[in-house]
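A short write-up of the structure that comes next.
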Amino acid sequence: MLALTIDIMTLFTDTLAAVMNESIIGKAQENGIVKINFHQIRDYTTNKQKQVDDYPYGGGMGMVMQAQPLYDCWRSICADAAERLHTIYMTPQGRVFKQEDAKRLKRDYERFIIVCGHYEGVDERFIEECVDEEISIGDFVLTGGELPALAIADSVCRLVPGVLADEDCFTDESHWNGLLEYPQYSRPLEWNGRKVPEVLLSGHHANIARWRRKQALKRTMQKRPDMFERFAPDKNDRKLIDEIMSEGEG
Ligand SMILES: C[S@@+](CC[C@H](N)C(=O)[O-])C[C@H]1O[C@@H](n2cnc3c(N)ncnc32)[C@H](O)[C@@H]1O
């Protein structure tokens with residue numbers, strides 16, 4: 001059953017489709033669990049040249065995406081959905097996206113729109129009229145909103161039941177519960193003189209779970225002290241943290 005539809009407004013539909021129609025998300029679309037629609041903003045221009053951008057008022061570098069084609073594209077998607085859809089504009093001026101936002105979008109919306117800007121961005125009046133939320137993928141500037149849109153769409157789709165083999169696939173992962181994931185190993189047992197930790201070969205599930213939790217705590221402390229500061233350990237975690245500290249690894 002279709003659980004999530006994402007409508008992406010872009011000037012580069014083929015680029016987005018090439019990524020989203022492949023691999024795990026591509027399979028989920030084939031199975032009818034999620035659907036990603038790519039809308040070509042250029043199809044909504046009213047001028048003969050199919051121009052979607054123009055010079056900025058007040059002068060300055062670059063071009064600005066005009067409000068009219070964006071608005072007509074947006075209205076056509078909302079008309080198809082028979083409702084005003086939640087609309088996200090990808091912009092370096094937005095709030096920086098976190099795993100918590102992926103969870104929230106998956107929980108709160110069955111269908112939403114992502115708008116990709118290009119050039120110097122989009123006419124502010126379109127944002128005022130249609131955008132509910134502005135999201136950034138980090139404090140740097142890209143040439144377009146396509147890579148950010150892919151990141152958001154992928155991270156939300158993989159939380160939809162049935163997209164991944166099992167819920168554990170994402171609830172065990174980095175950022176789900178405020179920690180980074182433990183280290184992973186696969187065959188062979190020894191590679192370039194480096195062995196797989198003994199405990200993972202023991203078949204003792206409780207010991208493996210304990211080792212993995214300790215590693216997750218340790219690497220969060222070491223790699224992301226900012227995350228670790230916000231993490232609220234329970235009694236068992238505190239024991240493991242004490243062990244890590246006494247081993248001089250914290
Ligand atoms: C060159 S950027 C425009 C930047 C804009 N002139 C500014 O200074 O805020 C063109 C488009 O790329 C996208 N973009 C660039 N960096 C981004 C980021 N960090 N997160 C999300 N979208 C971004 C946005 O859609 C934006 O409209």
Sort all Cα-Cα distances of segment 205-250 into consecutive 5 angstrom bins from zero, then give the percent of pairs in each bin up to the one containing the longest distance.
5, 23, 32, 28, 9, 2, 0
Within segment 115-144, the residues whose backbone N lies under 20 Å from a label point placed 7 Å from the Cα of Met63 along the Cα-to-Cβ direction are 115-127, 142-144
Taking R0 as 25 Å and r as the Cβ-Cβ distance between Asn47 and Leu147, the FRET efficiency 1/(1 + (r/R0)^6), rounded to the nearest 0.05, comes to 0.30
Quick check: Cα centre of segment 121-145 to Cα centre of segment 1-49, how many Å?
19
Which pairs, out of Lys27/Lys98; Lys27/Lys103; Lys106/Lys239, put more than 32 Å between their alpha-carbon atoms?
Lys106/Lys239
Three semi-axes of the equivalent ellipsoid, segment 8-85, Cα gyration tensor, whole Å, largest first
29, 16, 10
Starting from the residue with the highest accessible area, list Ile241, Ile41 in decreasing order, probe 1.4 Å.
Ile241, Ile41
What nm distance separates the two modelled labels at Glu110 and Arg230, each placed 7 Å from Cα along Cα→Cβ?
3.1
In segment 81-106, whose amide N lies under 20 Å from the spot 7 Å out along Cα-to-Cβ of Asp237? List them in ranges.
98-104
Pair Asn207, Glu181: separation of 7 Å Cα→Cβ label points (nm)
2.4
Relative to the longest principal Cα axis of the chain, at what angle does helix 99-108 sit, 0 to 90 degrees, rounded to 10?
60
Can you give me the distance in nm between label points at Lys35 and Gln93, each placed 7 Å from the Cα along the Cα-to-Cβ direction?
3.3
May I ask for the angle, rounded to the nearest 10°, between helix 205-223 and the longest principal axis of the chain, with both axes built from Cα atoms and the value confined to 0 to 90°?
60
Compute the signed sum of charges (Lys and Arg +1, Asp and Glu -1) over the other residues within less than 14 Å, Cβ to Cβ, of Glu120.
-4
Taking Rh as the Kirkwood radius computed over C-alpha pairs, what is the Stokes-Einstein D of the chain at 37 °C in a medium of viscosity 0.692 mPa s, expressed in µm² per second?
157
With N set to the residue count of segment 172-246, report its C-alpha Rg divided by 2.2 N^0.38 Å to two decimal places.
1.18
Put Trp74, Trp176 in order of accessible area, largest first, probe 1.4 Å, and you get Trp176, Trp74
In what order, largest first, do Thr15, Thr46, Thr87 sit by accessible area if the probe radius is 1.4 Å?
Thr46, Thr15, Thr87
Hey, any idea what Rg/Rh is for segment 115-250, computing Rh the Kirkwood way over Cα pairs?
1.10
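The values are calculated or read from the model by the stated rules, or taken from the named source; none is laboratory data. Since the model is a prediction, treat every value here as computed from it, not as a measurement. Neighbour counts are summed over all protein chains in view; Cβ atoms, including those assigned to glycine, are modelled from backbone coordinates with ideal geometry. Only protein heavy atoms, including side chains, enter the accessible area calculation; ligands, DNA and RNA are left aside. Shrake-Rupley method; radii C 1.70, N 1.55, O 1.52, S 1.80 Å.
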